[in-house]
Amino acid sequence: MINLVRSNIRNLEPYSSARSEFKGKANIFLDANENPFDNKYNRYPDPLQKEVKEKIATLKGVKQEQIFLGNGSDEAIDLLIRIFCEPAQDSIMILPPTYGMYQVSANISNVAIQEVPLTADYQLDVNAILNQVIPATKLLFICSPNNPTGNSMNQAAIRKILDNFEGIVVVDEAYIDFSEQTSLLNWIEQYPNLVVLQTFSKAWGLAGIRLGMAFSNSTIIDLFNKVKPPYNVNILTQHAALKALKQVEQTEQYIQTILIERKKLIAELVKLPFIQKIHPSDSNFILVKVKEADRLYQHLVDQGIIIRNRSKLALCEDCLRITIGKPKENQTLIQMLKSISLNTKYS
């Protein structure tokens, strides 16, 4: 696996911060050129977020050395491409329709993109994926549950890919807490080429603190820590995460409420005449195929209700993505859609 790493990254001497050099306890810190006057934020944060990782390791059943924390999952995606892909030489593989930052991060790094579309039912086309792998294919991104479609990928298909692809397989589980399918975290011991991404943005309700998690073997995690900026997760974010990790029952309540509201929203949507299909969802949103998607989207925008128009994506023609809101918000949406069905003729 180490041979997949760019040679300059293998040979890189990482920046050594004052806080990473000192180990132990002290009362006086004169090493980091900080302002000495205590205002709660005058000191640099722990560069390896050890206290947060300790709590996450216990919760997720992994080792601390198998965890990387970043500025959202987007930082982990960006670092993976920089670690494994030589600009203007290597490539990543994505499976559209999927999360857009894989492509954006690759473009920023001048890394080529290979696309293998999902099947008509939004599952992995394993044979097509493996047939398109070339020596330059270093990373494969699998979003499960997938954004924007909402469905989970068949785990037997993922296992077949892991068994046959010699590059790094990144499984993005941002929405896993809403799924009946289990996480692949227990696979990281078996597959050294597996990286699992999760986030505090969705089920935890902490999108504003920008904290993403990557789980893998210690070799890949060491590479993350080698390349990342020294203080990539600020002290405010670490404090907010620690507070949330002490209140896991609140997150579980969020999840249960969203799942109940998802079921109720689907039950109401299927009654509307312009709804053509509601795709199965293992996430906190649903993808809905409608008649005249652009027109319906604009009507909701005019009423101050913002959803996501995904119609221009491959395999998502005339599809709108609706995030599950609070009960009152969902009721307002349904009432507005019912008024449209009564007052507006759809072809």
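When VAL227 is tested against the conditions (1) free of Cβ contacts under 8 Å to residues at least 60 places away in the same chain; (2) surrounded by fewer than 21 Cβ atoms within 10 Å (Cβ to Cβ), the lone failure is (1).
Taking the range 299-311 as the search range and keeping residues that are under 22 Å from GLU115 (Cα atoms) and without any contact (Cβ under 8 Å) to a residue 40 or more places away in the chain, which one is surrounded by the fewest Cβ atoms within 10 Å (Cβ to Cβ)? Here the answer is SER311.
Condition first: among the aromatic types (Phe, Trp, Tyr) and under 19 Å from the mean Cα position of the chain (by Cα). Now tell me which residues in the range 209-265 satisfy that. Step through it out loud before you land on a result.
Our first condition is that a residue be among the aromatic types (Phe, Trp, Tyr); within the range 209-265, this holds for 215, 224, 231, 254.
Once the filter is applied, which keeps residues that are among the aromatic types (Phe, Trp, Tyr) and under 19 Å from the mean Cα position of the chain (by Cα), the range 209-265 yields PHE215, PHE224, TYR254.
Show me the helices (runs of 4 or more DSSP H) found entirely inside the range 15-105 where at least 1 residues are closer than 29 Å to MET153 by Cβ and in the same structural domain as THR149 (by TED's automatic domain parsing). Steps first, please.
Working: elements: 18-21, 50-60, 72-84.
Result: 50-60, 72-84.
Kindly indicate which of LYS138, LYS160 is touching a residue at least 12 places away in the same chain (Cβ under 8 Å) and surrounded by fewer than 22 Cβ atoms within 10 Å (Cβ to Cβ). Only one candidate passes the filter, namely LYS160. The test for being within 16 Å of ILE142 (Cβ to Cβ), buried (at least 20 other Cβ atoms within 10 Å of the Cβ) and either more than 12 Å from the chain's Cα centre (by Cα) or not assigned by TED's automatic domain parsing to the domain that holds GLN253 (or both) holds for LEU184.
From the residues in the range 329-338 that are of a type in the set (A, V, I, L, M) and over 20 Å from TYR254 (Cβ atoms), which one is surrounded by the fewest Cβ atoms within 10 Å (Cβ to Cβ)?
Going residue by residue through the range 329-338, those that are of a type in the set (A, V, I, L, M) are 333-334, 336-337.
Add one more test, that the residue is over 20 Å from TYR254 (Cβ atoms), and what stays is 334, 336-337.
Values: ILE334: 17, MET336: 14, LEU337: 22.
Top of the filtered list is MET336.
A quick yes/no check of all residues on (1) assigned to a helix (DSSP H, G or I); (2) within 29 Å of LEU242 (Cα to Cα):
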{"site": "PRO135", "(1), (2)": "no, no"}
{"site": "ASN146", "(1), (2)": "no, yes"}
{"site": "ASN151", "(1), (2)": "no, no"}
{"site": "SER183", "(1), (2)": "no, yes"}
{"site": "TYR191", "(1), (2)": "no, no"}
{"site": "LEU197", "(1), (2)": "no, yes"}
{"site": "LYS202", "(1), (2)": "no, yes"}
{"site": "GLY205", "(1), (2)": "no, yes"}
{"site": "LEU223", "(1), (2)": "yes, yes"}
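For the range 234-256, a tally of residues being closer than 24 Å to CYS143 by Cβ and of a type outside the set (D, E, K, R) returns 7.
Applying the selection to the range 312-328, what residues are in contact with a helix residue (DSSP H, G or I) (Cβ under 9 Å, 6 or more places away or on another chain) and loosely packed, with under 15 Cβ neighbours inside 10 Å? Please lay out each step first, then the result.
Of the residues in the range 312-328, the ones in contact with a helix residue (DSSP H, G or I) (Cβ under 9 Å, 6 or more places away or on another chain) are 317-320, 322, 324-327.
Scanning the range 312-328 gives GLU317, LYS326, PRO327.
Per the conditions (1) surrounded by 18 or more Cβ atoms within 10 Å (Cβ to Cβ); (2) outside the structural domain of ILE307 (by TED's automatic domain parsing); (3) on the phi < 0 side of the Ramachandran plot, the sole criterion not satisfied by ARG210 is (3).
Listed by first and then second residue, the pairs linking a residue in the range 1-12 that is outside any helix (DSSP H, G or I) to a residue that is among the acidic types (Asp, Glu) and modelled with pLDDT of 95 or more, with Cβ atoms under 6 Å apart and 6 or more places separating them unless they lie on different chains, are ARG6/GLU86.
Quick one: which residue in ILE77, ILE94 is under 16 Å from LEU197 (Cα atoms), buried (at least 19 other Cβ atoms within 10 Å of the Cβ), in contact (Cβ under 8 Å) with a residue 60 or more places away in the chain and among the aliphatic types (A, V, I, L, M)? Walk me through how you get there before you give the answer.
Values: ILE94 fails: in contact (Cβ under 8 Å) with a residue 60 or more places away in the chain.
Just one listed residue meets the conditions, ILE77.
For the range 258-273, which positions are part of a helix (DSSP H, G or I) and either of a type in the set (Phe, Trp, Tyr) or in contact (Cβ under 8 Å) with a residue 40 or more places away in the chain (or both)? Across the range 258-273, the qualifying residues are ILE258, LEU259, GLU261, ARG262, LYS264, LEU265, GLU268, LEU269.
Test TRP204 against the stated conditions and say whether it is aromatic (Phe, Trp, Tyr), out of contact with any helix residue (DSSP H, G or I) (no Cβ under 7 Å at 6 or more places or on another chain) and either in the same structural domain as ALA76 (by TED's automatic domain parsing) or more than 30 Å from LYS40 (Cβ to Cβ) (or both). Working first, answer last.
Working: aromatic (Phe, Trp, Tyr): yes; out of contact with any helix residue (DSSP H, G or I) (no Cβ under 7 Å at 6 or more places or on another chain): no; either in the same structural domain as ALA76 (by TED's automatic domain parsing) or more than 30 Å from LYS40 (Cβ to Cβ) (or both): yes.
Spelling it out, it is not the case that TRP204 is aromatic (Phe, Trp, Tyr), out of contact with any helix residue (DSSP H, G or I) (no Cβ under 7 Å at 6 or more places or on another chain) and either in the same structural domain as ALA76 (by TED's automatic domain parsing) or more than 30 Å from LYS40 (Cβ to Cβ) (or both).
For ARG262, the stated conditions hold: it is under 16 Å from TYR175 (Cβ atoms) and among the basic types (Lys, Arg).
The values are calculated or read from the model by the stated rules, or taken from the named source; none is laboratory data. Nothing here was measured: the structure is a model prediction, and the numbers come from that model. Don't worry about glycine lacking a Cβ; one is built from the backbone with ideal geometry, like all the others, and counts go over all protein chains shown.
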